[in-house]
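Asker: Sharing a structure here in structure tokens format.
The values are calculated or read from the model by the stated rules, or taken from the named source; none is laboratory data. Quick caveat, the model's predicted, so the values are computed rather than measured. Here the Cβ positions follow ideal geometry from the backbone for every residue, glycine too, while neighbour counts run over all protein chains shown.
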């Protein structure tokens, strides 16, 4: 390194180690770095804790409504032993969209505080509105959460019933997304729901 370069490096070091009122800029930067790591670790941990079925059951008004329904489906119990939990279907896996979805879900705290769906009767009265909201969200994401596990290209005509396979390939060609055909796959359909004509 040239003498000029060493002089600049020494000057930088002196500036970083020069005390402010009480601490050096280097010490302040080091502390800020450690605090940043602790904040990020805590934030990430909180995000993951709130991304479990157990958390959903504890905070959402679902223990007597949609959770028992889900437990009767293939997403809960099946021959392969693979279980899809609440976040697998309702929260994007990618970090940015997951964070955005968590911010949207924070509005549910308002409804919890207001008691909007705190009884089974209130939930059933609002089921259609809740379902339509979730279906629209899934349609807008091209059913990304479904496609994390189910992919048209991975479907085999050899292992699926022929009629199901043909329907899936027709849906793929038509540009349909999972939620277009699979409403009510994990939860009961609202009483007001009418199957669209095909």
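Asker: Can you tell me how many residues within the range 89-113 are modelled with pLDDT of 85 or more and more than 18 Å from residue 63 (Cα to Cα)?
Answerer: 14
Asker: Test residue 121 against the criterion of being closer than 30 Å to residue 159 by Cα and either modelled with pLDDT of 90 or more or surrounded by fewer than 14 Cβ atoms within 10 Å (Cβ to Cβ) (or both), and give yes or no.
Answerer: Working: closer than 30 Å to residue 159 by Cα: no; either modelled with pLDDT of 90 or more or surrounded by fewer than 14 Cβ atoms within 10 Å (Cβ to Cβ) (or both): yes.
Spelling it out, it is not the case that residue 121 is closer than 30 Å to residue 159 by Cα and either modelled with pLDDT of 90 or more or surrounded by fewer than 14 Cβ atoms within 10 Å (Cβ to Cβ) (or both).
Asker: Additional query: Look through the range 138-154, keep the residues that are without any contact (Cβ under 8 Å) to a residue 24 or more places away in the chain and either part of a helix (DSSP H, G or I) or surrounded by 14 or more Cβ atoms within 10 Å (Cβ to Cβ) (or both), and return whichever of them is nearest to the chain's Cα centre (by Cα). Give the steps one after another, and end with the answer.
Answerer: As a first pass, look at the range 138-154 and keep what is without any contact (Cβ under 8 Å) to a residue 24 or more places away in the chain: 140, 151-154.
Remaining after also requiring either part of a helix (DSSP H, G or I) or surrounded by 14 or more Cβ atoms within 10 Å (Cβ to Cβ) (or both): 140, 152-154.
On the way: 140: 14, 152: 22, 153: 23, 154: 23 Å.
Looking at residues that are without any contact (Cβ under 8 Å) to a residue 24 or more places away in the chain and either part of a helix (DSSP H, G or I) or surrounded by 14 or more Cβ atoms within 10 Å (Cβ to Cβ) (or both), I get 140.
Asker: Can you go through 72, 48, 61 and tell me which one is at pLDDT 90 or above and either out of contact with any helix residue (DSSP H, G or I) (no Cβ under 7 Å at 6 or more places or on another chain) or surrounded by 16 or more Cβ atoms within 10 Å (Cβ to Cβ) (or both)? Step through it out loud before you land on a result.
Answerer: Details: 48 fails: at pLDDT 90 or above; 61 fails: at pLDDT 90 or above.
Testing whether each residue is at pLDDT 90 or above and either out of contact with any helix residue (DSSP H, G or I) (no Cβ under 7 Å at 6 or more places or on another chain) or surrounded by 16 or more Cβ atoms within 10 Å (Cβ to Cβ) (or both) leaves just 72.
Asker: Give me a count of the residues in the range 155-180 that are outside any loop (DSSP other than H, G, I, E, B), surrounded by 15 or more Cβ atoms within 10 Å (Cβ to Cβ) and touching a helix residue (DSSP H, G or I) at 6+ places or on another chain (Cβ under 8 Å).
Answerer: Of all residues in the range 155-180, those outside any loop (DSSP other than H, G, I, E, B) come to 162-174, 178-180.
Subset that is surrounded by 15 or more Cβ atoms within 10 Å (Cβ to Cβ): 165, 168, 171, 178-180.
Imposing the further condition that a residue be touching a helix residue (DSSP H, G or I) at 6+ places or on another chain (Cβ under 8 Å) reduces the set to 168, 171, 178-180.
Residues in the range 155-180 being outside any loop (DSSP other than H, G, I, E, B), surrounded by 15 or more Cβ atoms within 10 Å (Cβ to Cβ) and touching a helix residue (DSSP H, G or I) at 6+ places or on another chain (Cβ under 8 Å): 5 in total.
Asker: If you don't mind, there's one more thing I want to ask. Given the conditions (1) farther than 18 Å from residue 52 by Cα; (2) surrounded by 15 or more Cβ atoms within 10 Å (Cβ to Cβ); (3) at pLDDT 90 or above, report the number of the one that residue 85 does not fulfil.
Answerer: With respect to (1) farther than 18 Å from residue 52 by Cα; (2) surrounded by 15 or more Cβ atoms within 10 Å (Cβ to Cβ); (3) at pLDDT 90 or above, residue 85 is out only on (1).
Asker: Right, next: Could you tell me whether residue 109 is surrounded by 11 or more Cβ atoms within 10 Å (Cβ to Cβ) and in a helix (DSSP H, G or I)?
Answerer: Working: surrounded by 11 or more Cβ atoms within 10 Å (Cβ to Cβ): no; in a helix (DSSP H, G or I): yes.
No.
Asker: Does the range 58-86 hold any residues that are in a helix (DSSP H, G or I), in contact (Cβ under 8 Å) with a residue 24 or more places away in the chain and within 20 Å of residue 184 (Cβ to Cβ), and which are they? Spell out how you get there, then give the answer.
Answerer: First, the residues of the range 58-86 that are in a helix (DSSP H, G or I): 58-59, 66-70, 86.
Subsequent filtering for residues that are in contact (Cβ under 8 Å) with a residue 24 or more places away in the chain retains 59, 66, 69-70, 86.
Residues satisfying the conditions are 66, 69, 70, 86.
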